[in-house]
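The values are calculated or read from the model by the stated rules, or taken from the named source; none is laboratory data. Worth saying up front: this structure is predicted, and the values here are computed from it rather than measured. Using ideal geometry, Cβ is built from the backbone for each residue, glycine included, and neighbour counts are taken over all protein chains shown.
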């Protein structure tokens, strides 16, 4: 099994390629994931509200409220698992759990809790992240973590799906590249959500 792990940056993304993969299941995953899409739509509304609350909390206290931090990390984790199962990686056929908690799945995400955040940086992180937004927009086809938006990630996933359909094998090189692209995107999302002051690196690997 191929495995990619991110450790040194505060945002840690994990994904283990589960082989062999079904040759045909990728055609139905969008349908199977409809319940997840509905729940995630609601969760991301709450996520946006919590980030707004956090902005004021950090501005006045320099602290990210622990409860909101854990919730927001859980939402990103849930989204990443759905992405990994579906059309951001097709890395596993194991159905993602309806859970914010860590562990027990081939894909996972964690963020190191910041003991202190720069109070004024929260006002300009969106501005500082603009170069990353442009790059991630090219990766994802829509500037964020999506499930099939026509960006580079979707193209590579389609190539991997066709190769797996024809040969029963998922090319390791494509998986590693997809992990790098998704890693970059998730780092930027966590930075924009005020979870860290560490500026995301301009690279696919650690």
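From (1) crowded, with 22+ Cβ neighbours inside 10 Å; (2) out of contact with any strand residue (DSSP E or B) (no Cβ under 9 Å at 6 or more places or on another chain); (3) within 21 Å of residue 29 (Cα to Cα), pick out the condition that doesn't hold for residue 84.
The number of the failed condition is (2).
Please verify whether residue 45 is more than 28 Å from residue 158 (Cα to Cα) and surrounded by 21 or more Cβ atoms within 10 Å (Cβ to Cβ), treating the condition exactly as stated.
So residue 45 does not fit the description; no.
Where residues in region 8-33 are within 21 Å of the chain's Cα centre (by Cα) and part of a helix (DSSP H, G or I), which of them is surrounded by the fewest Cβ atoms within 10 Å (Cβ to Cβ)?
So, considering only residues that are within 21 Å of the chain's Cα centre (by Cα) and part of a helix (DSSP H, G or I), the one surrounded by the fewest Cβ atoms within 10 Å (Cβ to Cβ) is 31.
Within the group 110, 154, which residue is surrounded by 14 or more Cβ atoms within 10 Å (Cβ to Cβ), modelled with pLDDT under 95 and either more than 17 Å from the chain's Cα centre (by Cα) or closer than 26 Å to residue 33 by Cα (or both)?
None of the others qualify; the one that does is 154.
With a cut-off of at least 2 residues that are in contact with a strand residue (DSSP E or B) (Cβ under 7 Å, 6 or more places away or on another chain), in contact (Cβ under 8 Å) with a residue 24 or more places away in the chain and within 22 Å of residue 64 (Cβ to Cβ), name the helices (runs of 4 or more DSSP H) lying wholly within region 106-205. Quick ask: steps written out before the conclusion?
Numbers: elements: 125-128, 130-140, 152-167, 172-192.
In region 106-205, 172-192 are the helices (runs of 4 or more DSSP H) which contain 2 or more residues that are in contact with a strand residue (DSSP E or B) (Cβ under 7 Å, 6 or more places away or on another chain), in contact (Cβ under 8 Å) with a residue 24 or more places away in the chain and within 22 Å of residue 64 (Cβ to Cβ).
What number goes with the only condition from (1) part of a helix (DSSP H, G or I); (2) under 21 Å from residue 111 (Cβ atoms) that residue 60 does not pass?
So the condition that residue 60 fails would be (2).
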